[in-house]
Amino acid sequence: MNLTFFDQFMSPQTLGIPLITLALLTPPIMFPTQNTRWLTNRLLTLQSWMINLFTKQLMLPINKTGHQWSIILTSLMAMLLTINLLGLLPYTFTPTTQLSLNMGLAIPMWLATVLTGLRNQPTMSLGHLLPEGTPTPLIPILIIIETISLFIRPLALGVRLTANLTAGHLLIQLTSTAVLALLPTMPTLSLLTMTILFLLTILELTVAMIQAYVFVLLLSLYLQENT
């Protein structure tokens, strides 16, 4: 039975074709596109307002050199948020529960921020590996520790997103299984468990939004260090 709990994290296939590509293409299809009309509908106005607000808050601590990343980070935030929320619907697949996908997003973005810092300000970027005022005997050890922590960053980005979403989906499935199992014998306890399931679903909605925001926020902090 334990294997069936993890079946939901397997990439679905139809005629041998993985459908993860379709799941990744769904977010851009859902968002309405801009047009040249003076008056737009409420949905497009709300979307533009939220994107402008998020981009403004995200780029506020970053200097003008890093503002060219605004489109990339905002698009990444919209994609992760949409995928995470759509994955909570019944009979859907969440691509962000796959560690390979999250690492495929985290490593290139982290590497781009590091290379940007090495190109624009190599002295300051390398200076992060050695804090100011370090005693001479501790210099080699601290350089090794800081280098390891630097290379752990993309791993932490991908594992954090994967672990939080996977744990939430497993809790929801376990609780819903308990609701169905207890319904014939103990309906009162089943009703109580259903209430817990409802609260857990609200919590998972919050986690889906927070994790998408944290992923992009940490990337913006790495960018801030290197610009």
(message) Looking only at the range 174-193, how many residues end up being open to solvent by 50 Å² or more (accessible area, probe 1.4 Å) and part of a helix (DSSP H, G or I)?
(response) 9
(message) Give me the helices (runs of 4 or more DSSP H) completely within the range 43-133, filtered to those with at least 3 residues that are more than 17 Å from the chain's Cα centre (by Cα) and modelled with pLDDT under 85, ordered by residue number.
(response) 122-127
(message) For the range 132-179, which positions are among the polar types (S, T, N, Q) and in contact (Cβ under 8 Å) with a residue 40 or more places away in the chain?
(response) Thr162, Asn164, Thr166, Gln173
(message) Every residue in the range 144-173 that is open to solvent by less than 60 Å² (accessible area, probe 1.4 Å) and either of a type in the set (Val, Ile, Thr) or outside any helix (DSSP H, G or I) (or both), please.
(response) Thr147, Thr162, Thr166, Ile172
(message) Here is a check on your reading of the model: is Leu101 touching a His at 6+ places or on another chain (Cβ under 9 Å), among the aliphatic types (A, V, I, L, M), closer than 26 Å to Thr26 by Cα and surrounded by 15 or more Cβ atoms within 10 Å (Cβ to Cβ)?
(response) no
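The values are calculated or read from the model by the stated rules, or taken from the named source; none is laboratory data. All figures in this text were calculated on a predicted structure; none of them were measured in a lab. For neighbour counting, all protein chains shown are included, and Cβ atoms are generated from backbone atoms with ideal geometry for every residue, glycine included. With ligands, DNA and RNA removed, areas are computed over all heavy atoms of the protein, side chains included. Shrake-Rupley method; radii C 1.70, N 1.55, O 1.52, S 1.80 Å.
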